[in-house]
Every structure is written in C-alpha cells, then in structure tokens.
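Notes for the one structure printed next.
The values are calculated or read from the model by the stated rules, or taken from the named source; none is laboratory data. Keep in mind that what you see is a predicted model, and the values were worked out from it rather than measured. Using ideal geometry, Cβ is built from the backbone for each residue, glycine included, and neighbour counts are taken over all protein chains shown. When the accessible area is computed, the model is the full protein with side chains, heavy atoms only, and any ligands, DNA or RNA have been set aside. Shrake-Rupley method; radii C 1.70, N 1.55, O 1.52, S 1.80 Å.
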Amino acid sequence: MQYFIDLVIVGLSIGMVYGLVALSISFVYSGLDIVHFAHGEIYMVGAFIGVVLFQRLGLNYPLLIVASMILTGVVGVVIERLFYRRLTQGGGGYTVAGMGMIICGFGMSIVLQNVAFLIWGAKPLPFPVSFGMPIEMGDLTLPRSYLWIVSAALVLMIVLHLFLKKTRLGLSVRAVAHNKEIAFLMGINVPLMISVIFGIGCALAAAAGVLIGPINYVQVLMGLGILIKAFAAAVVGGFGNLPGAVLGGLLVGVTESLGAGYVSGSYKDIYAFLLLIIVLMVKPSGILGVEAKVKA
Amino acid sequence: MLEVQGVEGGYGSVQILNGVSLKVGRGQIAALLGGNGTGKSTLLRTISGLIKPWRGTISLDGERIDGRRPDLIVRRGLVQVTQGKEAYPAMTVEENLRLGGYVRNDRAALRRNLERVYEYFPVLKNRRNQLAATLSGGQLQMLCIGRGLMSEPKMILLDEPSAALAPQVVLDIFRIINRICRDGMTLLLVEQNVRMALLLAEYAYVIRDGVIHIEGPAEALIKDDNVRLSYLGGTVADRDHGLTMRP
Ligand SMILES: Nc1ncnc2c1ncn2[C@@H]1O[C@H](COP(=O)(O)OP(=O)(O)O)[C@@H](O)[C@H]1O
Ligand SMILES: [Mg+2]
C-alpha cells in the first residue's frame, strides 16, 4: 500500500510538470491557432536559464522560477515576432500557412537545441537546489522537491486562472483566443496580445523546466521527451482545453509511475501512449474536450 | 462624418468592391442596401479596417483612416457590429459588454456606459451574469449592439441586425436603434429588410456589383421603381410587420 502511495505521489508531481507544459502548449494553441512544436525546447531553455541564475546569482528557488519565467517569456516573444509572425498572420489551422508553421516549429526546435548546445555544451548540468530534509508522515517519506513541484505548479495555475477571469488584460486574452476579428473590433491591439499570449505560454513552460531541473539533470535534449508527454497529456484532457491539460498531465504522470512501478520500468514511455490510445478510443475529443475545432 | 471615396478592395486577389463612394453626415442614419453577396459586409469590414482597401480613401471627421489597424479606428470612435450576432458565447453578458468598453480605461465611464446599455436593453441587465451562449437570437443581437455602444463611439456600422429574427423581435430592435440614433448616434445600417431600413434611414445607398448603383433620400427610394422592383417585391413577410415604427 505504501509503495502504491509513493508511486502515486511521484506520478502526481511529475504529472504536474507534464500538466504545466501541456497547459502552456494549449494556451499557445488557443491564442495563436498553432501547435508549437518547439515548446519542449522553450522548457529546456527555461531550465538552463534557471541553472545559470542559480550558479551565478544564487537566487532562492521561488525567485529562480519567476526570473526564468520572465527571461524565457522575453525570448519567446522575440522568437515569435522574428520568425513566426509572418506565418501566423496567414492563418493557422489547415491553411498552407498553418502547415508552414508546423515545419517552422520543428525547425526552431532544432535551432534552439543547437544554440543551447553551443552555449551550455552537451554535458548534463546538475541543478543542486537544496530543499532540506524530506518530510516524514507516518511510514511515508516525502521529498520536499515534489512538494515544491506540486505547490508551485498549483500556484501558477491559480494565478493564470485569476488572470484570465478577473483582469482586463485576461479578458482581452480570452477574446483574442476565441475570435481575433471580433477582438480587433473591440479595440484590442490583437498583434500585441498575440505576443503576450506566446510570452505567457513560454513562461509557463520555463517554470516547468525549473521545477523539473532539481530532480533530473538539465540537458540539451530534455525537450524531446517532455513535448511528447505533454502532447499526450493535452490530447487526453482535450486539446485546447486548459483544465483538461492539467488533468491530462496528472493522469499521464500517475499512469506512467504506476506502470513503471508495477509492470516494468524499462517501458516507462509506453504507458502514456497506452493511456492516450484508450482515451482516444473511448472519447476522441479527450476527457474534457467538447468539439473538434478545425485547427492543426 | 464618414466619407468613403472610390474604395476598391476584396479578399486575396478577388476584387469585390469596384470603387464605392458614400457619405454619412453627423447624426445621420444612412442605409446600405443590396442583394446577397454584393459586398455590403466587405465594405463595412474595409471601413472598420479588418481588410485593407486597395485603392481609394476613407476618412472619419476629415482624418484618413484607411489602412489603419482596426483597434485604432475603434479608438477614434468608429465601431462595427458584425453580421451574425458574434458575441463571445463562453463569456457572460457583462463580460461581453466590458470587452466592448475595452478602450475606455476609467471605471466610472465603464459603469456609466454599462448603465446606459442596460437602459436601452433591460433584458441584458436581468441576464448580466448568464453566459452569452444561453441567450436567444434577439437577445444576442441586443448584446452585440450594446457591446458596440460600450466604447461611446461617434458612429456605428451595423450589419444586418434583423437577420434570422422573428418579425416582432426585429420591430423591437429597430425601435431601440431608432432611440439610440435620436440620442445622437451616427449610423450606417446594412439591411436585407429594405422596408424597415428605409423607414428608419434618412438617406440610402444601393450597392450592386461592388459599386453604388442607386442613392437618394429614403422617401424617394421607397417610391423609386427600380428599388421597388428589385428589393421591395412586396413579400408577405414584410407587409406583416405593421410598419408603424415611430414611437
Ligand atoms: N472571407 C472571404 N474570402 C473570400 N471571399 C469572400 C469572403 N467573404 C465574402 N466573400 C465574397 O465576397 C462577396 C461579397 O460578400 P459580402 O460582402 O459578405 O456580401 P453581402 O454582405 O453584401 O451579402 C461574396 O461573393 C462572397 O462570396
Ligand atoms: Mg453581409
């Protein structure tokens, strides 16, 4: 029983990270109508920025998260303005420009990997944040890093929710996400808002990177795995649905952890996709998905 | 107030507008009539900046607005209410209205405008916390018009407010539009419901093949044989309205 609980706790905390990345991918998708295939690399860049700030400035952990989010968000805005804007202006989805955007995303992921390789090298960097002793609860020992992941991710999700529901800027973000023409006619500066959305999407991915850093190493190729898991999570929850992304992330995390613990650890990456296939067979739009939007 | 001069434009390489010119004076109600697919919505979208004109000029109060970004045109006081009752269905009525007042930064003005809209459309006030998706067609149209008023525009471009609505609802909405205009709004009204539009408007333009084909004072157009034959075919639906609008 205790083994089971341990596995669930590990699964939930990793699932929070998947959920956060899935959330950021869904957020970008809802705002820009594009699936951003370089988002794993944004997560990687965020983690590296976290490590560098940790080594150079010795910031404390919450500050590291916030600083990396801001810097990565800025990086994202620059990338979007310089490379994506021309394509997204032509429309997303199944348009020719939408297809171009998918290829452009893949290209950007390779570029970012290589840039990171040039700057930080191929060797995995340790991210030795000290969280203090694990918490003992009866028979359970709970490493504080997991607690950090869960609580930081929860805080970010709540802040995002409040931002979208309660602020004027959040209201306009929702408007742009749902219908850009009408948003324009409301007097919203849509091009600017698209940058804001992409920046927030990148900042969320960066937070996930800084959260996972201390329990894994930080390395150039870390974005590949997370992209696939986050996609599985987003699709399981219902693509484009923000609460669905988080739910999907938790499900993928727990499934993976239980599978690795009870079946076999060497097939760890398969469980997420088994879950994905089952969910798609039962409810093709995902658990919280409503309609099949025509977007690519 | 609004002056459109020789505007050409369209989508991609498909030309829809072949040199449209029209004028709407301050406080005036002008109607833009014409059959389906003649470019009425395209013209409104060009004026509001959603699509860029290829040639010609558009000016508001003497200042050129052609080719400007739509949000900047809204800030200058020209608002388009699109065809098809495009409210944000996943937002509440009040959130939709707040969005309409997005360019008004101060809370006092926002609250004042909200009250004004609720006064024109009391039904919206009762449903302020409901999702727009739960509204009926007529209420949605009211929401869209109300949302257009929230930024205190000088002028509104209104695209087919009567489309797909029951006659009684159309009558209600036209009464309120009439009231809004008597309170000082300038209006360019696109309509398929030609009788209704000509009763409300002072001046009217008829567009065909992307150019203004006929224009004149509304009373003259009602009597005009061409207009009568083409657009006022005397359909039963139109006659049943009991056209006594002026309250
Ligand atoms: N987004 C679009 N892309 C290409 N063509 C369009 C688009 N919207 C409308 N059209 C075409 O432009 C013409 C005029 O349409 P529209 O301005 O909507 O007419 P109206 O509002 O007078 O009914 C139509 O032939 C229509 O098919
Ligand atoms: Mg139209």
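Could you report the buried accessible area between B and A, both sides summed, computed with a 1.4 Å probe and given in Å² to the nearest 100?
Chain pair B/A: roughly 2000 Å² of buried accessible area.
Name the lysines eligible as straight-distance cross-link partners of A:LYS283: C-alpha to C-alpha under 17 Å, and not fewer than 8 places from it in the same chain.
In chain and number order, the partners are A:LYS293.
What does the C-alpha gyration tensor say about the overall shape of the protein assembly as shown? Classify as rounded when a/c is under 1.5, otherwise prolate if a/b is larger than b/c, or oblate. Don't jump to the answer; show the numbers that get you there.
Working: a/c = 2.62, a/b = 2.29, b/c = 1.14.
Taking the square roots of the gyration eigenvalues as a ≥ b ≥ c, the protein assembly as shown is prolate.
By per-residue mean of other Cβ atoms within 10 Å, what is the highest-first order of A:40-52, A:167-179, A:151-163, A:122-134?
Working: A:40-52: 27.8, A:167-179: 18.7, A:151-163: 15.5, A:122-134: 12.8.
Listed from highest to lowest mean packing, they are A:40-52, A:167-179, A:151-163, A:122-134.
With the contact rule set at Cα under 8 Å and sequence spacing of 6 or more, what percent relative contact order holds for segment B:83-152?
Reported as a whole number, the value is 55 percent.
Sort A:63-69, A:184-190 by packing, meaning the average of other beta carbons within 10 Å per residue, with the highest value first. Write down the numbers at each step before the final one.
Numbers: A:63-69: 21.3, A:184-190: 24.3.
Answer by packing, highest mean first, reads A:184-190, A:63-69.
Based on the Cβ-Cβ distance of A:LEU274 and B:ARG208, what FRET efficiency does E = 1/(1 + (r/R0)^6) give at R0 = 45 Å, to the nearest 0.05?
0.15
For the ranges B:114-123, A:20-29, B:183-192, what's the packing order if you count other beta-carbon atoms within 10 Å of each residue, average per peptide, and put the highest first?
Packing proxy ranking, top to bottom: A:20-29, B:183-192, B:114-123.
As a test, work out the antiparallel percent of DSSP beta bridges whose residues both lie in the protein assembly as shown, rounded to the nearest 5.
60
For chain B, what is the percent of antiparallel DSSP beta bridges, rounded to the nearest 5?
The antiparallel proportion sits near 55 percent.
Could you provide, to the nearest whole Å², the per residue accessible area of the protein assembly as shown with probe 1.4 Å?
That works out to 44 Å² for each residue.
Given H placed 1.01 Å from N in the peptide plane, which residues other than close sequence neighbours of A:ILE287 have an amide H under 5 Å from its amide H?
Counting only residues 5 or more places away or on other chains, the set is A:GLY237, A:GLY238.
For every other residue with a beta carbon closer than 13 angstrom to the beta carbon of B:GLU3, add +1 if it is Lys or Arg and -1 if Asp or Glu, then tell me the sum.
0
Pull up the cross-link candidates among the lysines for B:LYS40, meaning alpha carbon to alpha carbon under 22 Å and not fewer than 8 places away within one chain.
Within the straight-line limit of under 22 Å, B:LYS40 reaches these lysines: A:LYS180, B:LYS23, B:LYS52, B:LYS85, B:LYS154.
Taking square-rooted eigenvalues a ≥ b ≥ c of the alpha carbon gyration tensor, is segment B:1-103 rounded, prolate or oblate, where a/c under 1.5 means rounded and, failing that, a/b exceeding b/c means prolate?
Prolate is the answer for segment B:1-103, as a/c is 1.5 or above and a/b outweighs b/c.
Check which residues have an amide H placed less than 5 Å from A:VAL129's amide H, if you skip close sequence neighbours.
When sequence neighbours closer than 5 places are left aside, there are no close amide H contacts.
Please give the contour-minus-distance gain from A:VAL159 to A:VAL111: 0.36 nm per residue of separation, less the Cα-Cα distance, rounded to one decimal in nm.
Working: separation 48, 0.36 × 48 = 17.28 nm, distance 3.16 nm.
My answer for the length gained is 14.1 nm.
Taking each residue of B:99-106 in turn, how many C-beta atoms of other protein chains fall within 10 Å of its C-beta, and what is the average? The partial results should precede the final answer.
Working: counts 11, 3, 3, 9, 4, 1, 1, 0.
Taking all residues of B:99-106 together, the mean is 4.
If you count, for every residue in A:167-173, the Cβ atoms of partner chains within 10 Å of its Cβ, what is the mean?
Average per residue, whole number: 2.
If I build a Gaussian network model for chain B, linking alpha-carbon pairs within less than 10 angstrom, which residue out of B:TYR11, B:TYR203, B:TYR88 has the largest mean-square fluctuation?
B:TYR11
Based on DSSP H runs of at least 4 residues, each adding -39500 (n - 2.57), what is the mean residue ellipticity at 222 nm of chain A after dividing by all its residues, to the nearest 500 deg cm²/dmol?
Per the formula, -24500 deg cm²/dmol.
What's the angle, to the nearest 10 degrees (0 to 90), between helix A:168-178's Cα axis and the longest principal axis of chain A?
80
Name the lysines eligible as straight-distance cross-link partners of A:LYS123: C-alpha to C-alpha under 27 Å, and not fewer than 8 places from it in the same chain.
Answer for A:LYS123, where 27 Å is the Cα cut-off: A:LYS229, A:LYS268, listed by chain and number.
Of the candidates B:SER41, B:SER136, B:SER59, which one comes out as most mobile in a Gaussian network treatment of chain B with C-alpha springs shorter than 10 Å?
Looking only at B:SER41, B:SER136, B:SER59, the biggest GNM fluctuation is shown by B:SER136.
Given the alpha-carbon gyration tensor of segment B:83-152, what are the semi-axes of its equivalent ellipsoid in whole angstrom, ordered largest first, with each equal to the square root of 5 times an eigenvalue?
Details: eigenvalues 66, 28, 23 Å².
After diagonalising the Cα gyration tensor, the semi-axes are 18, 12, 11 Å.
For helix A:144-166, report the angle its Cα long axis makes with the longest principal axis of the Cα atoms of chain A; keep it between 0 and 90° and round to the nearest 10°.
Tilt relative to chain A: about 20 degrees.
Quick one: check the C-alpha center-to-center distance for segment B:157-178 versus segment B:60-103, whole angstrom.
19
Estimate the FRET efficiency between A:ILE103 and A:VAL8 by the formula 1/(1 + (r/R0)^6), using the beta-carbon distance for r and 30 Å for R0, to the nearest 0.05.
On the way: r = 39 Å, r/R0 = 1.31.
That pair, A:ILE103 with A:VAL8, gives E of 0.15.
Give me the extension gain from B:GLN15 to B:ARG116: residue separation times 0.36 nm, minus the current Cα-Cα distance, reported in nm with one decimal.
That works out to 32.3 nm of additional length.
Collect residues whose amide H, placed 1.01 Å from N in the peptide plane, falls under 5 Å from the amide H of B:VAL211; neighbours closer than 5 in sequence don't count.
So B:VAL211 has HN proximity to B:ASN18.
What is the average number of partner chain Cβ atoms found within 10 Å of a Cβ in B:69-78? Don't jump to the answer; show the numbers that get you there.
Values: counts 4, 10, 11, 3, 3, 5, 2, 1, 0, 0.
Taking the mean over all residues of the peptide, I get 4.
What shape does chain B have by the C-alpha gyration tensor, where a ≥ b ≥ c are the square roots of the eigenvalues, rounded means a/c under 1.5, and otherwise prolate means a/b greater than b/c and oblate the rest?
Because a/c hits 1.5 or more and a/b fails to exceed b/c, chain B counts as oblate.
Once the Cα atoms of helix A:39-57 and of chain A are each reduced to a long axis, what angle between those two axes, in degrees from 0 to 90 to the nearest 10, is obtained?
Value to nearest ten degrees: 60.
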